[in-house]
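For reference, the structure discussed in these notes is given below.
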């Protein structure tokens, strides 16, 4: 129960950030709650990282005091503007919101069951993400030993937002209990499902949009991946949140949504390598759309987007330029390699594996649903509200598949078998959101 305290602090922090960014013009209560959860947890991870930058070790007292100080400052700022009280927001809650919250919690049951059967998560949870969390919590001033090239198999070149989330909760305990990663993986599933429903409900106004996350997160393949304690669903949640916030900006012209989007992008970049790629793709694509579609507010919108992005990406920049190991080789350019490894056999295996995997029985036809929805929606799938979705998703697919093919450092059979499903999960919630909005938006 002690871990409810840091989660509550993160939720309050996220809520105050949202109210400040949006000048108290927040969306519906449920969407605000789930956005507060994901933005608050990401912010808590960043604040936790500050302890390692300043003191070169974890100082739980500093991390907790910093949280309380920022919450107090934001609360005082909102109080001065008479925007601190959230009672008007709570008064908008209806029985449908209560029912949706209950359904969203029930959606997570498959993930919770599978997570309880494997409390230490998958192999990469044990060997990468949770190991990094233990280095951070137990390592003292030697925490950076987790970047030792001897540990090259444990993705030491990856950033580590998820481990910092675990450390934030451990600050309220006496030991790095495995219960925290288990709680976190279930919580991220809940927040991802909630953000997906919240965005769909906010834009379409339809209560039955709760069926979309129900369809997605009760799928066995998704539940297994969600319970693995990996960073992939966290990347997917941040991507979904960023694209959803841009859609809300399109509808409301409230540039505060771009501040939240920028913060989300910066956090996403600090999750793992795929998050870094998506940060660049989404940031560039959204900037181009702003410059071509919102010429009257272009300058102000871009300033808010990139100011928030850079601020939230400070931990990523510190990691890339200071902490990241330099002697770990993870990329071999097959285009210039003297042994010419980019053969037809590699390409044919790559394409056949991808096609076979997406129609594999373990997905239970999941990928077919958004494809059919987009075909039915036709031109509506490219309207202004959702235009960023196809640009980012298509660019990310092309980039990811190119990396699989061109990077010959890894054996293609091993790499596709261990990583393709995770990369697919990164875009799945956003794909469902795009297809549903294209089909049902008025």
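The values are calculated or read from the model by the stated rules, or taken from the named source; none is laboratory data. Owing to the predicted nature of the structure, the values given are computational and were not obtained by experimental measurement. Here the Cβ positions follow ideal geometry from the backbone for every residue, glycine too, while neighbour counts run over all protein chains shown.
For this structure, a couple of remarks:
- Filtered residue count, the stretch 246-257, keeping only those that are in contact with a helix residue (DSSP H, G or I) (Cβ under 7 Å, 6 or more places away or on another chain) and over 19 Å from residue 276 (Cα atoms): 8
Conditions (1) out of contact with any helix residue (DSSP H, G or I) (no Cβ under 8 Å at 6 or more places or on another chain); (2) part of a helix (DSSP H, G or I); (3) under 30 Å from residue 203 (Cβ atoms); (4) touching a residue at least 24 places away in the same chain (Cβ under 8 Å), marked per residue:
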| residue | (1), (2), (3), (4) |
| --- | --- |
| 385 | no, yes, yes, yes |
| 391 | no, yes, yes, yes |
| 399 | no, yes, yes, yes |
| 402 | yes, yes, no, no |
| 409 | yes, no, no, yes |
| 415 | no, yes, no, no |
| 418 | yes, yes, no, no |
| 423 | no, yes, yes, yes |
| 436 | no, yes, yes, yes |
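- Elements of the type helices (runs of 4 or more DSSP H) sitting completely within the stretch 86-188 and holding at least 1 residues that are in contact with a helix residue (DSSP H, G or I) (Cβ under 9 Å, 6 or more places away or on another chain) and crowded, with 23+ Cβ neighbours inside 10 Å: these cover 95-107, 109-117, 130-138, 161-170.
- Screening the candidates 192, 231 for the property of being within 17 Å of the chain's Cα centre (by Cα) and either at pLDDT 95 or above or surrounded by fewer than 23 Cβ atoms within 10 Å (Cβ to Cβ) (or both) yields one hit, 192.
- Of all residues making up the stretch 69-85, the number that are in contact with a helix residue (DSSP H, G or I) (Cβ under 8 Å, 6 or more places away or on another chain) and within 30 Å of residue 163 (Cα to Cα): 4
- Of all the listed residues (412, 427, 406), the sole one being modelled with pLDDT of 85 or more and either surrounded by 12 or more Cβ atoms within 10 Å (Cβ to Cβ) or within 18 Å of the chain's Cα centre (by Cα) (or both) is 427.
- Flag for residue 314 being surrounded by fewer than 14 Cβ atoms within 10 Å (Cβ to Cβ) and either farther than 20 Å from residue 409 by Cβ or touching a strand residue (DSSP E or B) at 6+ places or on another chain (Cβ under 8 Å) (or both): no
- Test: residue in the stretch 213-222 that is at pLDDT 95 or above and farther than 25 Å from residue 365 by Cβ: no
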